[in-house]
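Accompanying notes for the structure given below.
Values quoted throughout were computed directly from the atomic coordinates according to the rules given, and no laboratory measurement underlies them. As the structure is a computational prediction, the values presented were derived from the model and not from experiment. Note: ideal-geometry Cβ built from the backbone for every residue, glycine included; neighbour counts use all protein chains shown.
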Amino acid sequence: MNHATRKAAPATATATAGKPRLTTSAMIASIAAEGQRTKPAPFGHALVALARENPAVVGMTADLGKYTDLHIFSQAFPERFYQMGMAEQLLFGAASGLAAEGFMPFATTYAVFASRRAYDFIHQTIAEENRNVKIVCALPGLTSGYGPSHQAAEDLALFRAMPNMVVIDPCDAHEIEQAVPVMAGHDGPVYMRLLRGQVPLVLDEYGYTFELGKAKMLRDGPDALIVSSGIMTMRALEAADLLRQDKVEVAVLHVPTIKPLDEATIVEAARKSGRPVIVAENHTVIGGLGEAVAGAVLRAGVAPAGFHQIGLPDAFLDAGALPTLHDRYGISAAAVAEQVKDWTGR
Amino acid sequence: MTIATSGHNRQLAERAHAIRRNALRMGEVQGQGYIAQALGISDVLAAAYFHAMTYRPEDPDWEGRDRFLLSNGHYAIALYAALIEAGIVPQDELETYGFDDSRLPMSGMASYTPGMEMSGGSLGLGLAIAVGRCLGLKRKGSDRHVYTLFSDGELDEGSVWEAIMSAAHFRLDNLIAVVDVNNQQADGPSTSVLGFEPLTEKLEAFGWFVRRVDGNDIEAVREAFDAAKAQSGSGKPSMIIADTLMGKGVPFLEAREKNHFIRVDAHEWQLALAALDERKPS
């Protein structure tokens, strides 16, 4: 739907008859497909395990504990949990102060509020002062059907541009669990996108281990290279299975650390002749992984057989049901497969 | 007043005079600076650094220190003047104020200067950081205080009120905030830019212990710090509302039409120093 035409009168009931009636899902709904393997609250449980080992760990939130799986931590360590109220500027300023006193705050909210509302507070009190704060934010990219108020389409661009900030876009429960202790091992600010609730479990089947700043080839193939992060790696792997039925063999390079970017691995994969590079991200095509990869490949003087982006358009996205919206904006597995087929000429 | 307290007040007045002198000399070095604010807040800084706070000049990161967070980073010229007087920053660095590669940049930042605990400049940050510092100190079982200075203009920022609510909610009686009410911000008198009065009543309603004092009456400021420190155990954070006079101590600057960034001509710095020294406490 077009921004200017949204207020036009709706289609009549007869015009939509027969179409499935999907509704916007609740804020806490899982992005897992029906029947998909999942794990509950991987961040919350991993943080509890970390906190048992590391007494410096504290948890903080701005009235979104339940919605960021931090309630698992607050139940296990009520004395180490700070409910800051619906006040994101305060949340991150206070996190800086706690870090300055030697603690390691894990501060949670939604990605829109951290990246848009509290940006200056994170920039000045955490990144500029290089405080050891871990920012963990739910509803990354298009993982809510509530509309732009809750769709963090530009969080990676904003945090990538911030000096000192490490940026992680994990794919699944397996990766989130592994990323939590790794973040703690990095002395400095980190922003991680969070999947919460029943979180899909995918990467365990690939013998995958998360390493900060490392891209990993999950499958190889001669026809196209998909470079992806976050849930788009899951979608790329599903699309790769669909494409195999059509005799299209694609490589999937998973890049969970958006910054620092593993440029060497990306460039080496892009250098393999004869296949287009396709970057898939749950983020606006402006300023995210796609442009980061393009820059790295260009700087290396590599000219792949085509360069394409799968991502969210430069627009205020529609409200609606997530499956509808993921199809509409080309980030569902089927939509990814279709676009790859077009670009590989199959 | 006993002879002892009168002697102490005189010592504090001498410290305030030295802070003003340092600030004027930095202003002269750079030919500019927020000198009127610095002159106005010098008595508060003297009372903080030479009466209220505990610290070790040779070890600015000493765990047992009281923390001082400068929220209004453009007051750095005043804080540097106090840090020099306190022996935390060497006197001769004054000559580098605002120059390339100096440890004394125009706006205060944590990574540049010994004794500078936060990066200010973007207004409205300090009180939020202070809440976290206070929570951290309580978590460690420390009895140290967090002092933070901010300006009346910062009361316009919503984040300040988030922190004001939070400090009372968490019963941060280890927090001593000072708001400098000189009634001047970038676009004019603070009370006309965005009214904040009645400030005492507002802050009391928010659950704070409040003392409103003439911020250039060093005895009153000293007593306000004592009263604030005595709040330990009360569960109440403390706010000292310090009404100050911009340019205090240099009559021709006091009288100058009030501006956020006061104009001082090149030949006037020496005149200002001379005027200040004429009023040196004896």
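Numbers below:
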quantity	calculated
Cleavage-rule hits, chymotrypsin sites (Phe, Trp or Tyr not before Pro), segment B:159-268, DSSP coil, Cβ neighbours within 10 Å at most 11	none
Calculated SAXS-style log₁₀ I(q)/I(0) at q = 0.12 Å⁻¹ - segment A:176-257, Debye, Cα scatterers	-0.39
Rg [Å, one decimal], Dmax [Å, integer] - segment A:67-150, C-alpha atoms	13.0, 39
Mean Cα-pair separation over length for chain B, i.e. relative contact order, pairs under 8 Å, 6 or more apart, %	22
Given charges at Cβ of Lys, Arg, Asp, Glu: chain A dipole, positive-most of A:ILE28, A:VAL167, A:GLY301	A:ILE28
Average projected area [Cα convex hull, segment B:1-140], square nanometres	9.1
Per-peptide average of other Cβ atoms within 10 Å, ordering A:269-282, A:162-175 highest first	A:162-175, A:269-282
Segment A:252-298 shape via C-alpha gyration tensor axes, a/c threshold 1.5	prolate
Net charge dipole size for segment B:167-222 [Lys, Arg +1 and Asp, Glu -1 on Cβ; Debye, nearest 20]	200
Sequence of A:THR38, A:THR233, B:THR200 once ranked by neighbouring C-beta atoms within 10 Å, starting from the fewest	B:THR200, A:THR38, A:THR233
Dipole magnitude (debye, nearest 20) for segment A:87-148, charges at Cβ of Lys, Arg, Asp, Glu	200
Separation of the A:ALA294 and B:PHE99 label points, Cα + 7 Å toward Cβ, nm	4.6
Stokes-Einstein D for the protein assembly as shown, Kirkwood Rh over Cα pairs, 10 °C, 1.306 mPa s (µm²/s)	59
Cα gyration tensor of segment A:102-171 - equivalent ellipsoid semi-axes, whole Å, descending	21, 12, 11
About the Cα centre, charge dipole magnitude for segment A:1-158 (Lys/Arg +1, Asp/Glu -1 at Cβ), debye	720
For segment A:197-346, projected area of the alpha-carbon convex hull averaged over all directions, nm²	9.1
Burial ordering of B:LYS248, A:LYS214, fewest other beta-carbon atoms within 10 Å first	A:LYS214, B:LYS248
Efficiency of FRET from Cβ geometry, B:ARG171 and B:SER282, R₀ 45 Å, rounded to 0.05	0.50
Nearest-0.05 FRET efficiency for B:GLU197 and B:GLU254, computed from C-beta distance (R0 22 Å)	0.45
For chain B: rounded, prolate or oblate by the Cα gyration tensor [a/c cutoff 1.5]	rounded
Compactness of chain A - radius of gyration and Dmax, Cα, Å	20.0, 64
Equivalent-ellipsoid semi-axes of segment A:11-122, from the Cα gyration tensor, Å, largest first	35, 19, 10
Chain A - percent relative contact order, Cα under 8 Å, separation 6 or more	17
Calculated [θ] (222 nm, deg cm²/dmol) that DSSP helices of n ≥ 4 give over chain A, each run adding -39,500 (n - 2.57)	-9000 deg cm²/dmol
Most positive-pole-ward Cα, B:ALA128, B:GLY141, B:SER166, against dipole of segment B:105-189 from beta carbon charges	B:GLY141
With eigenvalues of the C-alpha gyration tensor scaled by 5 and rooted, segment B:93-163, Å	25, 18, 8
Rg and Dmax [Cα atoms of segment B:1-66; Å; Rg one decimal, Dmax integer]	14.2, 43
Other protein chain Cβ atoms within 10 Å, averaged over every residue that makes up A:121-130	5
Net charge over other residues, Cβ less than 13 angstrom from the Cβ of B:SER119 (K, R count +1; D, E count -1)	-3
